[in-house]
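Accompanying notes for the structure given below.
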Amino acid sequence: MLTTQWTEFRTRGRIAAVVAASLITVLLGLLLAFTGRSTCGDGNVEIPCPTDPRGPEGQAVGDKFTFAHRPLGREGSITVRLASMTGIITYPPPNHDEIVPGLVPWAKAGVIVKDGTAPGSPYAALVMTGSHGVRMQHDYDHDTAGSANDPSTPRWLRLTRSGDVVTGEESADGERWTAVGTAELPGLPDTVQVGLLAASPGDLTLVPTALGASSAQERFTQTTGVFDHVTVVGSPTTGWTDTRVGESGAAEWEKNHHAPEVVESDGTVTVAGSGDIAPGSTTGARSVEGTLAGLAFGLLVLIVVAARFTTRQDRKALLGRAAVVGAAAFAAGLVAAAVVIPSGSAIVRANGGAVLPTPFPVELRVVVGVGVLAAATAVLALAAAALLRNRWAAVLAVGVAVVVTYALAVLSLLPDEVSRWLLRVTPAAGFAVQQTVQEFPQVLGQYTPSTGYYPLPWWAGLLVLCGYATTALGLAVRRLPR
């Protein structure tokens, strides 16, 4: 049966169309990579564009803050009382016409143990935040909640190092301590830096556009922490070194009004700073799925090929044709993704752009997933043509359900909530297999389909699409004679 259906399929026109679908995906992806040259300048001088530091696991991270630090051996601790935590937000909504006091939700002030001052180096920190209470964070991705105290209330914080293990504790009075979390930092050197930090990410507001989708606006913020009762055990020195990790302090507000600083006075240490210590890109680096911009057009070709290959002879013939067209589409999607992702990423880098680092298993999952996406879409089109008894009606129905719905969602042509709903319940959910960027609760961001974040995990999105294809094929088979 399969041999017969393959023989029927492999006409010159159908094979050429499948190859064309793969080429369209590749060529459009490479074209966008070629035309997207990135340039950066300092005044009138062109300079290399900044790149994100890499974290301990090779991930892109943000690592900018003010750091008052001193060396610490393999055994030691730092204990402080965060007496106050204040901040400013520049030109917030609704009027955007004044600078106001306040803290953004993930503003941070607290204590930290870090492997040097290089951006991206391993660390463990215990911080008070603007709206999320006390948090124990380490190596950028990891976040553990402590008490939900308000930053207006003084809070005692302590980090204790024992070899590669750092333990965080908090207290209301400096007498009764509660453990918040423990971080293991493999390979931590004998001497690290311990001290006080202040950081404040930008104030992010999502503004509705004319079509109902949202665009992001970000404004500069700054945090100031005042520490007293500072005790460091295990350090050979007593003074503080003031460091701007990640070249923070370059904003206009900092230059003209209040520079980041570390000030010691009468037993207190005041640390003011901006920036953030968190996962994710801060330089606008592209994700590898950006090279798959031509995939939707390639799928349209496969939808036409599959719908025109349908049959109403009998059940075995339809199942055989589904297997053949699914295999052909899988091969087309697999080859296209395997070519365009590494090639397009290399072109972006050669043009001065940055590409988010992606582990090989994740990249391989995307490549195979695109093949499955193409196969399931083709089978859905074949089954729809058998059900509707009209091939071009099936092309229109599946094209709208898969490709047009996806385009409307990711091009910000619909309100964000509508886009998320469509990408949960329609066959377009299968496009979630492309996603490689990760949403982190400790980072305030624009997590919408237009920025590469899908409402379903990659496997769940594929299941939705495969569910539609399987159901449609089952209904079509039942309507045919045995």
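Numerical summary
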quantity	calculated
Selection status of Ala33, open to solvent by less than 40 Å² (accessible area, probe 1.4 Å), in a helix (DSSP H, G or I) and farther than 30 Å from Thr282 by Cβ	no
Test: Val100 is β-branched (Val, Ile, Thr), in a strand (DSSP E or B) and surrounded by fewer than 17 Cβ atoms within 10 Å (Cβ to Cβ)	yes
Some residue of the range 86-94 being part of a loop (DSSP other than H, G, I, E, B) and open to solvent by less than 10 Å² (accessible area, probe 1.4 Å)	no
Candidate set from the range 143-169 (those that are small (Gly, Ala, Ser), touching a residue at least 60 places away in the same chain (Cβ under 8 Å) and not in a strand (DSSP E or B)); member that is least open to solvent (accessible area, probe 1.4 Å)	Gly163
Asn351 being polar (S, T, N, Q), more than 24 Å from the chain's Cα centre (by Cα) and surrounded by fewer than 22 Cβ atoms within 10 Å (Cβ to Cβ)	no
Selected residue (criterion: farthest from Gly36 (Cα to Cα)) from residues of the range 49-75 that are basic (Lys, Arg) and open to solvent by 60 Å² or more (accessible area, probe 1.4 Å)	Arg74
Scan of the range 383-436 for residues that are open to solvent by 60 Å² or more (accessible area, probe 1.4 Å), among the basic types (Lys, Arg) and assigned to a helix (DSSP H, G or I), ordered by number	Arg391, Arg424
Search result, residues across the range 300-333 that are assigned to a helix (DSSP H, G or I), open to solvent by 50 Å² or more (accessible area, probe 1.4 Å) and not small (Gly, Ala, Ser)	Leu300, Arg308, Arg315, Lys316, Leu319, Phe330
Yes/no for Leu196 being assigned to a strand (DSSP E or B), under 29 Å from the mean Cα position of the chain (by Cα) and under 30 Å from Thr448 (Cβ atoms)	no
Test: residue in the range 4-18 that is open to solvent by 20 Å² or more (accessible area, probe 1.4 Å), aromatic (Phe, Trp, Tyr) and under 27 Å from Val372 (Cβ atoms)	yes
Flag for Met128 being over 24 Å from Asp52 (Cα atoms) and part of a strand (DSSP E or B)	yes
All positions within the range 116-138 that are buried (at least 21 other Cβ atoms within 10 Å of the Cβ), out of contact with any Leu (no Cβ under 6 Å at 6 or more places or on another chain) and under 13 Å from Gln442 (Cα atoms)	Val127, Thr129, Val134, Arg135, Gln137, His138
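The values are calculated or read from the model by the stated rules, or taken from the named source; none is laboratory data. All values derive from a computational prediction rather than experimental measurement. Counting neighbours? That spans all protein chains shown, and the Cβs are built from the backbone with ideal geometry, glycine included. Note: areas computed on protein heavy atoms with side chains; ligands, DNA, RNA excluded. Shrake-Rupley method; radii C 1.70, N 1.55, O 1.52, S 1.80 Å.
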